[in-house]
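These notes are about the structure you will find just below.
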Amino acid sequence: MRSILVVLFSICSLCLFAQQKNFSKDDQGKFIYYKVVDSVNLNKQVLTSRASKFVNDFYKKQLKQSSATDSSVLATGKVVIDKTLLVAGHPSGEVSYQFIFEARDDKYRFWLTDFSFVPYKRDRYGNFVASTTISTPLEKPVGKLNAGEWTAIQESAYSKAVKFAEDFRKYLATELPAQPKPKKTETISTKKW
């Protein structure tokens with residue numbers, strides 16, 4: 001009976017451990033979400049224009065374009081991390097990040113890096129605002145007391161990065177509809193009738 005319980009416990013713990021997803025680290029030890037995507041029959045001008053349109057139009061509430069060249073787009077972004085207790089939830093802070101996109105003919109790569117967390121607190125009006133102007137890098141280790149909450153923040157940031165990557169890949173893969181040209185306004189002449 002004990003051996004069965006031990007086996008079940010070990011299987012459950014392995015399943016729980018396998019479900020946790022987290023960021024990879026780059027050369028400098030910072031968290032990074034990095035993807036290289038093959039895009040057949042699209043040149044770098046089309047990819048760069050679509051990426052710029054994604055940043056400036058589709059995700060304009062979360063991203064702000066820093067610079068752009070003929071084959072790259074750089075932007076900074078923020079995403080709100082929610083803390084959920086049973087059914088009700090509230091924002092616990094925001095994670096800011098850097099978005100970098102580079103394109104070549106028939107492929108592109110993008111990555112999210114420089115993740116930093118700013119905690120929120122309630123102000124006297126009941127709104128959640130940043131409690132400090134100093135941000136904490138997401139890869140910074142914390143003590144045992146806050147380890148569970150910090151891990152939850154890291155996992156939430158990772159899931160938001162995965163969602164962002166899915167949206168970005170779908171946006172670049174679909175053809176943008178041609179915007180209709182505005183109709184020329186006709187001047188009405190009262191001399192001819």
Would you check if there is a residue in region 111-124 being within 28 Å of residue 54 (Cα to Cα), of a type outside the set (Val, Ile, Thr), surrounded by 11 or more Cβ atoms within 10 Å (Cβ to Cβ) and more than 22 Å from the chain's Cα centre (by Cα)? no
Hits in region 134-161 - residues which are in a helix (DSSP H, G or I), loosely packed, with under 14 Cβ neighbours inside 10 Å and aliphatic (A, V, I, L, M): 147
Just need a number here: residues in region 22-41 that are part of a loop (DSSP other than H, G, I, E, B) and either of a type in the set (A, V, I, L, M) or over 13 Å from residue 107 (Cα atoms) (or both). 8
So, first residue farther than 13 Å from residue 69 by Cβ in region 46-58, second residue surrounded by fewer than 16 Cβ atoms within 10 Å (Cβ to Cβ) and of a type in the set (A, V, I, L, M), Cβ within less than 9 Å, six or more apart or across chains; the pairs are 50/176; 53/176
Which listed residue, of 93, 89, is at pLDDT 85 or above and farther than 22 Å from residue 169 by Cβ: 93
Picked from region 42-88 (must be over 15 Å from residue 160 (Cβ atoms) and part of a loop (DSSP other than H, G, I, E, B)), the residue nearest to the chain's Cα centre (by Cα) is 60
Can you name every residue in region 143-162 that is of a type in the set (Lys, Arg) and free of Cβ contacts under 8 Å to residues at least 24 places away in the same chain? 144
Of a type in the set (D, E, K, R), in a strand (DSSP E or B) and surrounded by 16 or more Cβ atoms within 10 Å (Cβ to Cβ), is that true of residue 94? yes
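The values are calculated or read from the model by the stated rules, or taken from the named source; none is laboratory data. Owing to the predicted nature of the structure, the values given are computational and were not obtained by experimental measurement. Here Cβ is always computed from backbone atoms with ideal geometry, including for glycine, and neighbour counts include all displayed protein chains.
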